[in-house]
Each structure stands twice: as C-alpha cells, then as structure tokens.
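Engineer: Next up is a structure, given as structure tokens.
The values are calculated or read from the model by the stated rules, or taken from the named source; none is laboratory data. Quantities reported herein were computed from a predicted structural model and do not represent experimental measurements. Every residue, glycine among them, receives a Cβ derived from its backbone with ideal geometry; neighbour counts consider all protein chains shown. Only protein heavy atoms, including side chains, enter the accessible area calculation; ligands, DNA and RNA are left aside. Shrake-Rupley method; radii C 1.70, N 1.55, O 1.52, S 1.80 Å.
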Amino acid sequence: MAFPDDQLGELATDGSFKSIISKFHSSVDKIGETLELCCGRDVYADLSLEEKVEYDLFLSYSLNSLFWSYLRTQGVDPLNHSVKNELDRVRSYMTRAKQVHEKQSMPRVDKEAAERFVTSGLWEPGQAKLKPASRANKRKRSKSNSEDET
C-alpha cells in the first residue's frame, strides 16, 4: 500500500520506514479479512459444543491480542493494563479446554475384559477353570467381611 508523501511528513524520504509501514498496513488488512471470515458467516449454530468453546476462545484471544497491539501503537504499556489479566484468563481457559478434551479422548479400560484376560493368563492346564468373581459376589464378600470385623 503506497502512502502519499504528505501523510508521512519528514519520514517520506525514509525508504525503510515506508516499507515497514506498508507491511504493517498489509498485516492489519489480513487480520481484518481473517476476522471477517470468522465473524461474517453464521457458522456458530452448526458447531458442536467443543467447537463452540474453541471458537469463543479463539475470538476472545484474537480480539484481546489486537487490543494489546493497539495499546502498543498508542505508546501505552499493556503490562500495566487490564488487558494483560484478560489475556491470562483466556490462556487459562484454553489450557482447561485442552485438558477436558484430552480427558474425553483418553482411552477407557474395560474392567470386565481385563479381568477375563488376567484370569485366563493365570489359568494352567490341568486346573479347574478359574471363574472371575462377579460384582454381586464381591459385594457379598465385602459385607460379610465388614460384619465379621464388628
């Protein structure tokens, strides 16, 4: 993007400054296009709960980051501004969402199948078949043990 020399003032002769400003404005335009793409269409209703959480976190973090950048361009130290706390809060929610997702996708152990594997692994030829204790039998045994102790 080319700027008229009268807008740049005495920096109009500085080629590296003009280059940096051009890159900055093209980056801002790309960010605007990306946000329009995210917010322009009504895709939110079609998302699953997990996708909605990711979408909300993405938008919240993006907008707060943009505000952080705006503060920097205005000469304000964002470390002393409430936007830092907001970014930290959103980061903690991102971490929490990741933990919940990992916990949901974690493999589950089928206890009954594992018990059958162990029982068959311990069985030796010539022995009577070992029968795993059912849950009802375990409950009866635990009740009788607790009654014996009293």
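Engineer: Do any residues in region 33-44 that are open to solvent by 100 Å² or more (accessible area, probe 1.4 Å) and of a type outside the set (A, V, I, L, M, F, W, C) have Cβ atoms under 7 Å from those of residues that are at pLDDT 80 or above and outside any loop (DSSP other than H, G, I, E, B), where the two are at least six apart or on different chains, and which pairs are they?
Structural biologist: If the second residue must be at pLDDT 80 or above and outside any loop (DSSP other than H, G, I, E, B), no pairs are left.
Engineer: Of all residues in region 71-88, which are out of contact with any helix residue (DSSP H, G or I) (no Cβ under 9 Å at 6 or more places or on another chain) and among the charged types (D, E, K, R)?
Structural biologist: Asp88, the sole residue that qualifies.
Every residue, every condition in (1) in a helix (DSSP H, G or I); (2) open to solvent by 70 Å² or more (accessible area, probe 1.4 Å); (3) farther than 17 Å from Val28 by Cβ; (4) touching a residue at least 12 places away in the same chain (Cβ under 8 Å), yes or no:
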{"site": "Val53", "(1), (2), (3), (4)": "yes, no, yes, yes"}
{"site": "Ser60", "(1), (2), (3), (4)": "yes, no, yes, yes"}
{"site": "Ser69", "(1), (2), (3), (4)": "yes, no, no, no"}
{"site": "Val90", "(1), (2), (3), (4)": "yes, no, yes, yes"}
{"site": "Lys98", "(1), (2), (3), (4)": "yes, yes, yes, no"}
